[in-house]
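I have placed the structure first, in the form of structure tokens, so that the comments after it can refer back to it.
The values are calculated or read from the model by the stated rules, or taken from the named source; none is laboratory data. Because the structure is predicted, anything quoted here is derived from the model rather than measured. Heads up, the Cβs are rebuilt from the backbone with ideal geometry, glycines too, and the neighbour counts pull from every protein chain shown. We work out accessible area using only protein heavy atoms, side chains counted, and drop any ligands, DNA or RNA first. Shrake-Rupley method; radii C 1.70, N 1.55, O 1.52, S 1.80 Å.
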Amino acid sequence: MSRLSSRWIPAAFQLGAFFLALGFTTVILLLAGAPPLEAYKQIILGSFGSTVKLADVLVAFVPLLLTTAGVLITFSAGLWNIGVEGQVTLGAIFTTWILRLLLDTALPPWLIIVFGILAGMMGGALWAMLAGALKTFGGVNEIFGGLGLNFVATALTLWLIFGPWKRPGVGSMSGTEPFPEHLWLPQLPGLRLSPFALLLALVAIVLVYVLLQRTYAGLRFKAVGNNLKAAFLLGLPTWRYMLLAFGLCGALAGMAGAIQVEAVYHRLIPSISSGYGFLGLLVAMLIRYRALWAAPVALFFAALNIGGIQLPIVLKLDSTLSGVLQGSLVLFVLLVEGARHRFMEKRARAARAEQSA
């Protein structure tokens, strides 16, 4: 098999998966009696039709990229960190706690903002390591442990909003009392986008790429993920690397929660994670755990999320149609990836048979 063909075959299969997902979504639109081309046009206009909409896409892109960066670490260690949603939430809770604690102090606002982000990272890391401890020491599968902790995080958020941190005189689903503007991450004039939040997300994915591709720690994460028993027999402290993977992922998810508080909502709200944890899992699966592709694919998913808002406004369609496209894209990529592996195995067997003949 030539080097050129071995390089283009995976790309052809991935392109085929995209068109299959597009075709599936088109069929759904036709069954709903909606014009597919107009629906796709509205999604594009809703994402990139103006500077404000582009800024909104980047606002969604930041926490999505952070959660994707985090789950890439746990995926490399062979761990399904489904609890990343709860880790985003705990990051938001810890950030809100620190901002409330330091609100009336003499500390400069920028330092309080930094403390808030660090507290969010700590909260996410601690919550993730709790799931890791349940797995490594308690034998609880990380999927079930993570899902359980997600429910606990949601319940804790509601208790804080309607209890100790409720607005003066009333508890409201709109969240806690908004923080004063000097405790917000600075935003571009007239836009909701904070360039500092965007910079943090981009730096994070670069660091994760370097960690997984250019360091011994990344190699050990992959060794643990590929064969836990073999890594243990070779002398790797497997439980430590599993906990470290959880902690790093939780820290990045907690940073996403902190940014949701300091740069987007400026308070704690019940649905502070906005589903970015689960969406980050989808992005990581779609890119087959390669950090190099995390930013462009996360941007594409963020654009679908924001652009989908146009569908009920213009075409009277449910905005979750963009979620159908996202989910079907991941599904078809996984199916096509399996087909590609079989195709490559058949080609390799044919090549060996030809050489032996």
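General remarks:
Residue-by-condition table, conditions (1) over 23 Å from the mean Cα position of the chain (by Cα); (2) of a type in the set (F, W, Y); (3) open to solvent by 40 Å² or more (accessible area, probe 1.4 Å); (4) at pLDDT below 95:
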position	(1), (2), (3), (4)
N141	no, no, yes, yes
L147	no, no, yes, yes
P178	yes, no, yes, yes
L200	no, no, yes, no
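- Of all residues in the range 323-357, those being closer than 30 Å to L29 by Cβ and among the basic types (K, R) number 1.
- Candidate set from the range 112-121 (those that are more than 18 Å from the chain's Cα centre (by Cα) and more than 15 Å from P180 (Cβ to Cβ)); member that is least open to solvent (accessible area, probe 1.4 Å): A119
- Answer residue from the range 18-39, given it is of a type in the set (G, A, S) and in a helix (DSSP H, G or I) and is surrounded by the most Cβ atoms within 10 Å (Cβ to Cβ) among those: A39
- Of the residues in the range 254-268, at least one is within 30 Å of I113 (Cβ to Cβ), aromatic (F, W, Y), open to solvent by 30 Å² or more (accessible area, probe 1.4 Å) and in contact (Cβ under 8 Å) with a residue 60 or more places away in the chain.
- Cross-chain or 6+ apart pairs with Cβ under 6 Å, the range 123-140 first and free of Cβ contacts under 8 Å to residues at least 40 places away in the same chain, then outside any helix (DSSP H, G or I): L134/V140
- Residue within the range 79-102 that is surrounded by fewer than 21 Cβ atoms within 10 Å (Cβ to Cβ), among the polar types (S, T, N, Q) and either in contact with a Gly (Cβ under 6 Å, 6 or more places away or on another chain) or more than 20 Å from S274 (Cβ to Cβ) (or both) present: no
- For the range 311-327, the criterion of being free of Cβ contacts under 8 Å to residues at least 24 places away in the same chain, under 19 Å from T67 (Cβ atoms) and in a helix (DSSP H, G or I) is satisfied by at least one residue.
- The condition of being touching a residue at least 40 places away in the same chain (Cβ under 8 Å), among the aromatic types (F, W, Y) and open to solvent by 80 Å² or more (accessible area, probe 1.4 Å) holds for F278.
- Odd one out for P237, checked against (1) in contact with a helix residue (DSSP H, G or I) (Cβ under 7 Å, 6 or more places away or on another chain); (2) open to solvent by less than 50 Å² (accessible area, probe 1.4 Å): (1)
- Answer from P312, P296 - the residue that is modelled with pLDDT of 90 or more and farther than 21 Å from G218 by Cα: P296
- Yes/no for I161 being open to solvent by less than 40 Å² (accessible area, probe 1.4 Å) and at pLDDT below 95: yes
- For the range 208-219, the set of residues classified as free of Cβ contacts under 8 Å to residues at least 40 places away in the same chain and either surrounded by 13 or more Cβ atoms within 10 Å (Cβ to Cβ) or of a type outside the set (S, T, N, Q) (or both) consists of V210, R214, Y216, A217, L219, listed by residue number.
- The set of residues in the range 40-60 being open to solvent by 10 Å² or more (accessible area, probe 1.4 Å) and either at pLDDT 95 or above or in contact with a Lys or Arg (Cβ under 9 Å, 6 or more places away or on another chain) (or both) consists of L45, V52, D56, L58, V59.
- Residue ID - most open to solvent (accessible area, probe 1.4 Å), chosen from residues in the range 328-340 that are free of Cβ contacts under 8 Å to residues at least 60 places away in the same chain and among the aliphatic types (A, V, I, L, M): L334
- Residue within the range 282-296 that is open to solvent by less than 20 Å² (accessible area, probe 1.4 Å), part of a helix (DSSP H, G or I) and in contact with a Gly (Cβ under 8 Å, 6 or more places away or on another chain) present: no
- A256 touching a helix residue (DSSP H, G or I) at 6+ places or on another chain (Cβ under 8 Å), among the small types (G, A, S) and under 20 Å from L111 (Cα atoms): yes
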